[in-house]
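Okay, so here's the structure we're looking at.
None of the figures in this text is laboratory data; all of them are computed from the coordinates on show. No experiment lies behind these values; they were computed from the predicted model shown. Positions of Cβ are backbone-derived with ideal geometry, glycine not excepted, and every protein chain shown enters the neighbour counts.
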Amino acid sequence: MQEETKILSLNINGLNSPQKRKKSFNKLNRMNLDIIAIHMVHVKEQHKHLLNYPKLGNRFASLSQYKKRVVVLYTKESIVAKQIYKDNEGRILIVKATLNQKRVVLVGIYAPNGGLEQFYRKLHNIIREIECDNICIMGDFNTITDKN
């Protein structure tokens, strides 16, 4: 029987406040998750050290020079993972990992409010180039659910 993998995708709306960062990281740590995808982190490239929290595992990030956007993935230390793509806008982050002896591609996104078609076309083209049958896309898709 395969082990269950615990994954969380969270839109956090900023982690610049030391109090919010401490509270959020401590809560995430208590949840004992294997993979955490956090979006809308709003931390600049030069402040990436603020996202270091070893108890959550290995950190991968697509950061921007501006204090907006940003996608961060944390994987437990026991998970073999490698970042294979990040954009310069803090919107797309792709990590290859091995979970339960299976290769998996983890994709964290923070889609823009406008220009969705262009963004998703770019994302689709990037993912098509990756050879993997197991893909997990997490993030803020900035879409509206159609109730019909």
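Mind listing which GluC sites (Glu not before Pro) in region 68-148 are in a DSSP loop and have 16 or fewer other Cβ atoms within 10 Å?
Working: sites: Glu77, Glu89, Glu117, Glu129, Glu131; in loops: Glu77, Glu89, Glu129, Glu131.
Listed in order of number, the matching sites are Glu77, Glu129, Glu131.
Say R0 is 30 Å: what FRET efficiency, to the nearest 0.05, do Asn148 and Gln118 get from their beta-carbon distance? Intermediate values should be presented prior to the final figure.
Values: r = 26 Å, r/R0 = 0.85.
So, using R0 = 30 Å, E works out to roughly 0.70.
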Modelled label-to-label distance, Ile127 and Asn29, 7 Å Cα→beta-carbon offset: nm?
3.3
For the chain, share of DSSP beta bridges that run antiparallel, in % to the nearest 5:
65
Identify all lysines with a Cα-Cα distance to Lys22 below 22 Å; exclude those on the same chain that are fewer than 8 residues away in sequence.
Lys6, Lys44, Lys48, Lys55, Lys67, Lys68, Lys76
If the label point is 7 Å along Cα→Cβ of Lys67, which residues in region 1-37 have backbone nitrogen under 15 Å from it?
13-21
How many angstrom lie between the Cα centre of region 110-139 and the Cα centre of region 1-58?
22
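Which FRET efficiency value, to the nearest 0.05, is calculated for Arg103 and Glu45 with the Förster distance at 35 angstrom and r the Cβ-Cβ distance? All intermediate terms of the calculation are to be shown ahead of the outcome.
On the way: r = 29 Å, r/R0 = 0.83.
Taking R0 as 35 Å, the efficiency between Arg103 and Glu45 is 0.75.
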